[in-house]
């Protein structure tokens, strides 16, 4: 199988140095996929990065030349990261291979992200797919779209050979030596890994330090350290990605406290689990799916209007109680950590790659399935009122309880429809079903009415054109 990835994720050193979660995710995706198929990415010149990972010089000068280029390459699938409606519009016109779009979140950016997702959804062909990184995101998007069959949730993975349990005492000795802080050898350590921002739970973490002066709280990641903070908070700064297993392993408990609306599949949670850590996380986004029973979930107070993309409030006292319980029970920590490691193996990058391969195979089968070419003819008729004045509302249409017309009818079946049903069924012959959905959403008074209309015309379409 040949897969085209629309972004060049190949420079390992540059990506590792960036500490960008999105870039790391994309890089790990293509590395894992290259074990099972040939992966091609755009490059200025054709080059082989590894036996199954290639850079390819593209020729996208005109629509015709682009179609010819894709026809010559014979790709079996296109993998895109994040919604880019213009790119989807281009690929669907020039490339016959199924398109899969990876989605990292549902909302974010004050709802701008979901607008882009919906634009992409409207452009998908029947054999394309959206692939959210958690079932949570799939559910959130599924509330807004008619056809949920386009949503295929596949979580991110973890490098289970890199993120492994280590001797905790040895890890603490190394960190104590690096930092010159002997408290890593003297106190229990609770960790925060990631950007130290309000939406990530930064200030709840600081408040926990106030409540637990005998515990050392370590922050690893990009940060804006407050001017004043408790003396038992240590800011270690952003660390190289390859050193992160050491920092995870020197912790007793890991906290993942994000309430950001664009959180979907927190890498911190799954990396900590792979290192054998019990995790205290917010019961939000994709964390519960990853964690299972291998940690503690903290309920949040949800904000209805999602100001500044922060979706809720976490009570520091509740987090503190959960952390304290784990610190007071070594047996529970060890059992949770062992369970976390076993569970993390289910989310390896290899598992993710195999799910993507299966998805592309299903989409190719769907694309190649035979379809009946018989079109559905919809006619629109006029009538007269009792005084003989031509109207667009016929007696038959009035009898059906509608207030406006004209009266559409499926010509060879004699089935009367409402105006919106007839218009939608007519458009279905020329547009993709998701585009018809977008039209109906613009015409109908409510989303419920639009989706009810769409259900009916999709039923007619399936019934009349079934092979």
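Rule-based calculations on the coordinates, nothing more; no lab input. Here the structure is a predicted model, which is why all the values come from computation and not from measurement. Counting neighbours? That spans all protein chains shown, and the Cβs are built from the backbone with ideal geometry, glycine included.
If each residue of separation counts as 0.36 nm, what is the full-extension length gain between residue 315 and residue 210 once their alpha-carbon separation is subtracted?
36.5 nm
Pop the C-beta distance of residue 167 and residue 13 into the FRET formula with R0 = 22 Å and round what comes out to the nearest 0.05.
Between residue 167 and residue 13 the formula returns 0.15.
Given a cut-off of under 8 Å on Cα pairs at least six residues apart, what relative contact order in percent is computed for the stretch 253-373?
27 percent
What is the spin-label model distance, in nm, from residue 45 to residue 459 if the labels are put 7 Å beyond Cα along the C-beta direction?
A separation of 6.2 nm, rounded to one decimal place.
What is the packing order of peptides 430-440, 279-289, taking the mean over residues of other C-beta atoms within 10 Å and listing the highest first?
279-289, 430-440
For residue 62 and residue 358, compute 0.36 nm times the residue count separating them, minus their Cα-Cα distance, and round to one decimal in nm.
The residue 62-residue 358 span can extend by a further 103.3 nm.
Run the helix sum for the chain: -39,500 (n - 2.57) per DSSP H stretch of 4+ residues, divided by residue count, reported at 222 nm to the nearest 500 deg cm²/dmol.
-12500 deg cm²/dmol
Relative contact order (percent) for the stretch 168-347, with alpha-carbon contacts under 8 angstrom and 6 or more residues of separation?
This gives 21 percent for the stretch 168-347.
If you count, for each residue, the other Cβ atoms within 10 Å and average over each peptide, how do 143-153, 76-86, 247-257, 329-339 line up from highest to lowest?
Descending packing order for the listed peptides: 247-257, 76-86, 143-153, 329-339.
Ranked highest first by the average count of other Cβ atoms within 10 Å around their residues, in what order do 316-322, 97-103 fall?
With the highest mean Cβ count within 10 Å placed first, the list reads 97-103, 316-322.
Given R₀ = 35 Å, what would the calculated FRET efficiency be for residue 452 paired with residue 301, taking r from the Cβ atoms and rounding to 0.05?
0.50
If I fit a long axis through the Cα atoms of helix 85-94 and take the longest principal axis of the Cα atoms of the chain, what angle between them do I get, 0 to 90°, rounded to 10?
Tilt of helix 85-94: around 60 degrees.
Enter the angle in degrees (range 0 to 90, nearest 10) between the Cα long axis of helix 21-33 and the first principal axis of the Cα atoms of the chain, meaning the one along which they spread out most.
Once rounded, the angle reads 70 degrees.
Estimate the FRET efficiency between residue 325 and residue 148 by the formula 1/(1 + (r/R0)^6), using the beta-carbon distance for r and 56 Å for R0, to the nearest 0.05.
Computed FRET efficiency for residue 325 and residue 148 comes out at 0.90.
So what is the relative contact order of the chain, in percent, for Cα pairs below 8 Å that sit 6 or more residues apart?
Dividing the mean separation by the residue count of the chain yields 13 percent.
For the pair residue 435 and residue 334, how long in nm is the line joining their label points, each one 7 Å along Cα→Cβ?
6.3 nm
What angle do you read, to the nearest 10 degrees and between 0 and 90, between the alpha-carbon axis of helix 330-344 and the longest principal axis of the chain?
Taking Cα atoms only, the helix is inclined about 40 degrees.
Quick one: pull the percentage of alpha-carbon pairs in the chain with a separation above 30 Å.
55 percent
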